[in-house]
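Written below as structure tokens is the structure these notes are about.
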Protein chains: 2
Amino acid sequence: MTYCVGLLLNDGMVLLSDTRTNAGLDNISTYRKMFHFEDPGERVITIMTAGSLSVTQTTIARLREAIEAPEATGETSIMLAPTMLKVADIVGNMLAEVRGEIDEKLSAMQGASASMIVAGQRKGGAMRLFLIYPEGNFIEATEDTPFLQIGEHKYGKPILDRVVKPSTSLSDAQKAVLLSMDSTLRSNLSVGMPLDLCVIEKDACKVSSTRRIEAGDEQFRAMSEAWSKALRDGFRQINL
Amino acid sequence: MTYCVGLLLNDGMVLLSDTRTNAGLDNISTYRKMFHFEDPGERVITIMTAGSLSVTQTTIARLREAIEAPEATGETSIMLAPTMLKVADIVGNMLAEVRGEIDEKLSAMQGASASMIVAGQRKGGAMRLFLIYPEGNFIEATEDTPFLQIGEHKYGKPILDRVVKPSTSLSDAQKAVLLSMDSTLRSNLSVGMPLDLCVIEKDACKVSSTRRIEAGDEQFRAMSEAWSKALRDGFRQINL
């Protein structure tokens, strides 16, 4: 399983993904699930993926091919698309196309499926955050719902529901997605370290910072323990 | 959807269920999902249900019929069964039988399904807590995993993972299941108040207390707000 989360805030966007992939029960590996496409200062797009690795890898590879193709246009390349909505559209169509092809090959077995989060901004446009469904259709984060999740999303949703608003600072937002991931890691073993964390500041049109958090990360462990302690203390203080 | 949770602790068992049932999207009602079977001081069994109302109502009704039947034996009546394991077995078989019948009627549509939590103790036996799957097979709570959940279980699992151990007091355990339910209510609208809370003290072999918590419950609201505040305060105190 996978857990990826993206926040759309007044000050920027914060994205976090895990890296565990299992192809069958005995084949557990680490794969990056976060992909950056950048023309710094002009355009930034980050895609996070969940689901069948064969579908997501092929989709990302074809999106790259379409960018590099000599005949690339705003209709085919996410780096030339005139709007972020068009970017989501291109990604959605590519995902649906790849899933269709692979599903056909696998039709005797249970189908392959995948979903994606697409975050980005082009110069002069607004920051936008999309969740793309396996069928290729998509929804967008809004003022009311400033976060989107894919994969094993339920364990980590309560903390986001309580903490994340558009006015949340980028620093608090990083804390929130890491605690959301921490709850997911504790409750579901099939989501695993290392983690990829990314911040895209508003109007920077580039990836402002990325961080890979390895299994032994001292800072993450300390934060996780502080949170456990805060929860236990809070729990103790509540009267029934 | 539904959320039910049961804790098996050194001092007793704590059970909590919501009451929202929707038969189709426009037919949302309140139905009790917690059922008690008692011979006080001799035997207590509490069953909580999730899934298709047609399956769970029929299963509970047939279990009652089997108890009241003049030809009732330890093979057919959960009130005569020689062990709690046998109780789980009878409930599992009845659930599988009813589900099979209803599935047959519904075969043109998507099948009906249901799962149950069975908690109980008979005089001289140990307290036992079972989760019964739609297929009729079941698992049991243990020292290592002292809680079981059915229905919309993921939102409320992180708090239980952190707080509940066999040595947890019955008072803390009630707080824990209510906070687990609170997180679920906030994150999924299809789980709804009122709630049914039940405590079975060890070796009492009766339902020690039950409480129905209505939507406007002042104490529940205060606890929910205190928990939100504790989480926000804890969140603020953590350094990234």
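Points worth noting:
- If the condition is being over 19 Å from B:Val118 (Cα atoms) and either at the interface with chain A (Cβ under 7 Å from one of its Cβ atoms) or among the hydrophobic types (A, V, I, L, M, F, W, C) (or both), then the stretch B:179-201 contributes B:Leu179, B:Ser183, B:Leu185, B:Arg186, B:Ser187, B:Leu189, B:Val191, B:Met193.
- The stretch B:157-178 - residue that is more than 8 Å from every other protein chain (Cβ to nearest Cβ) and of a type outside the set (A, V, I, L, M, F, W, C) and, of those, most open to solvent (accessible area, probe 1.4 Å): B:Lys165
- Top-ranked residue in the stretch A:143-154 [being in contact (Cβ under 8 Å) with a residue 60 or more places away in the chain and either part of a loop (DSSP other than H, G, I, E, B) or more than 16 Å from A:Leu7 (Cβ to Cβ) (or both); ranked as farthest from the other protein chains (Cβ to nearest Cβ)]: A:Pro146
- The set of residues in the stretch B:75-98 that are of a type outside the set (A, V, I, L, M) and open to solvent by less than 10 Å² (accessible area, probe 1.4 Å) comprises B:Ser77, B:Gly92.
- Some residue of the stretch B:128-135 being more than 14 Å from every other protein chain (Cβ to nearest Cβ) and over 14 Å from the mean Cα position of the chain (by Cα): yes
- Here the condition is being part of a helix (DSSP H, G or I), closer than 15 Å to B:Ile200 by Cα and out of contact with any Leu (no Cβ under 6 Å at 6 or more places or on another chain); of B:Asp182, B:Asp103, B:Asp161, B:Asp172, it holds for B:Asp172 alone.
- The stretch A:211-221, residues that are out of contact with any helix residue (DSSP H, G or I) (no Cβ under 6 Å at 6 or more places or on another chain), more than 8 Å from chain B (Cβ to nearest Cβ) and not charged (D, E, K, R): A:Ala215, A:Gly216, A:Phe220
- Residue-level check: of (1) touching a helix residue (DSSP H, G or I) at 6+ places or on another chain (Cβ under 7 Å); (2) in a strand (DSSP E or B); (3) among the polar types (S, T, N, Q), A:Thr76 misses just (2).
- Of all residues in the stretch A:223-240, those being at the interface with chain B (Cβ under 8 Å from one of its Cβ atoms) and farther than 19 Å from B:Ala176 by Cα number 2.
The values are calculated or read from the model by the stated rules, or taken from the named source; none is laboratory data. Being a predicted model, the structure only gives us computed values, none of them experimental. Virtual Cβ from ideal backbone geometry, glycine too; neighbours counted across all protein chains shown. To get the accessible areas, we keep the full protein, side chains included, count just its heavy atoms, and leave off ligands, DNA and RNA. Shrake-Rupley method; radii C 1.70, N 1.55, O 1.52, S 1.80 Å.
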